[in-house]
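Reviewing the structure listed below.
The values are calculated or read from the model by the stated rules, or taken from the named source; none is laboratory data. Nothing here was measured: the structure is a model prediction, and the numbers come from that model. Cβ placement follows ideal geometry from the backbone for every residue including glycine, while neighbour counts extend to all protein chains displayed.
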Amino acid sequence: MTPDRTPASFEERRRRGAAAAALGAALGAGLLLTPAIAAGAEPVDLSAVYQVRFVGLRLGDADVRVNLNDTSYKITGEAKLSFLRRLVFELKGGMRASGKMAATGPRPEDYGLSFKTRKKKGHLTMTFKDNAVSAVSSQPVIKPHVRAIPLTKKHVRAVFDPMSAIFLAGRTERNGLDPSVCTRRLPIFDGKHRYDVQLSHIRTVKVEPRGRKGYNGLALVCRAKYHPIAGHRPHHKAVEFMVQTDEIEAWLIPVPQANLYVPYHVVIPTPWGTATVTAKAFEVERAGKEKIALVR
């Protein structure tokens, strides 16, 4: 009998939940993966590969591509993750976001999420109009928990979808390393939960390359505090844990000559262990100029 058909033990169910929680934290933490684009920057294409780990075990990779110019943006991402050689947990997923670029930052227009496990699959789409969420559609249908804080129209005004927050919410006009990209509060709505993320700069570190290739320079380390607002259960253990922890970190590094910060390393504690997301490789291409490639 295959593992899919074998009744799961308590320990197996616990590990599945832990892996799923780590995945959600690692890929949905738009609060963390936040490069900064200088105002008036040239069109940029960014391709990145991130390795996701949970309690030291490799879950898989996430591929992200960002296309950005002065007036619009498009972001796509795909991930394929598994836990314990697919015996406990396996997930394939994709995300997309697009919108307009304004002086104050991104103005989302469309957001989508899809996922597939060995037993379940689903998708969510979200559209924006006049700087507010205008429609949300999902399969399976999202049903608010009876003890969840109710969402109102006020909660979904002037918010970012997770992908837009991940890659485009921070902007800077300064040259050189700019700690201010770590100092802001991000309003985010993911189709079910409305929350704010407060970022702060806690230190600057020197990143040493591994081998002959790789980034060799300074990184900004940002701390992120999670502030749930609506759609969540206030006394849920995972929510309480995320509210209380001070250990969520993102390391942001500048890309030479591109006026761009990219996430290099992210640390996300969960009640079941620590998840990390680390750049394996990323490449930046600007119109008419040589590609910039950084390999970990």
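Yes/no per residue for (1) part of a loop (DSSP other than H, G, I, E, B); (2) under 26 Å from Ala275 (Cβ atoms); (3) without any contact (Cβ under 8 Å) to a residue 60 or more places away in the chain; (4) in contact with a strand residue (DSSP E or B) (Cβ under 7 Å, 6 or more places away or on another chain):
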position: Gly93; (1), (2), (3), (4): no, yes, no, yes
position: Pro106; (1), (2), (3), (4): no, yes, no, yes
position: Ser138; (1), (2), (3), (4): no, yes, yes, yes
position: Val146; (1), (2), (3), (4): yes, no, yes, no
I need every pair where a residue in the stretch 235-250 that is surrounded by fewer than 16 Cβ atoms within 10 Å (Cβ to Cβ) has its Cβ under 7 Å from the Cβ of a residue that is in a loop (DSSP other than H, G, I, E, B) and not charged (D, E, K, R), sequence separation at least 6 or different chains.
Lys237/Pro271; Phe241/Pro271
Take the conditions modelled with pLDDT of 90 or more and either more than 20 Å from Asp178 (Cβ to Cβ) or not hydrophobic (A, V, I, L, M, F, W, C) (or both) and apply them to Tyr226. Does it pass?
yes
Would you point out which residue out of Ala135, Ala165, Ala102, Ala169 is exposed (fewer than 13 other Cβ atoms within 10 Å of the Cβ) and at pLDDT below 95?
Ala102
Which ones in the stretch 107-145 are polar (S, T, N, Q) and closer than 19 Å to His193 by Cβ?
Ser114, Thr125, Thr127, Ser134, Ser137, Ser138, Gln139
Selected residue (criterion: nearest to Pro263 (Cα to Cα)) from residues of the stretch 149-162 that are buried (at least 17 other Cβ atoms within 10 Å of the Cβ) and touching a Gly at 6+ places or on another chain (Cβ under 9 Å):
Pro162
Look at Arg58 and say whether it is part of a strand (DSSP E or B), at pLDDT 85 or above, loosely packed, with under 15 Cβ neighbours inside 10 Å and of a type in the set (Lys, Arg).
yes
Which of the residues belonging to the stretch 122-136 are in a strand (DSSP E or B) and not small (Gly, Ala, Ser)?
His123, Leu124, Thr125, Met126, Thr127, Phe128, Lys129, Val133, Val136
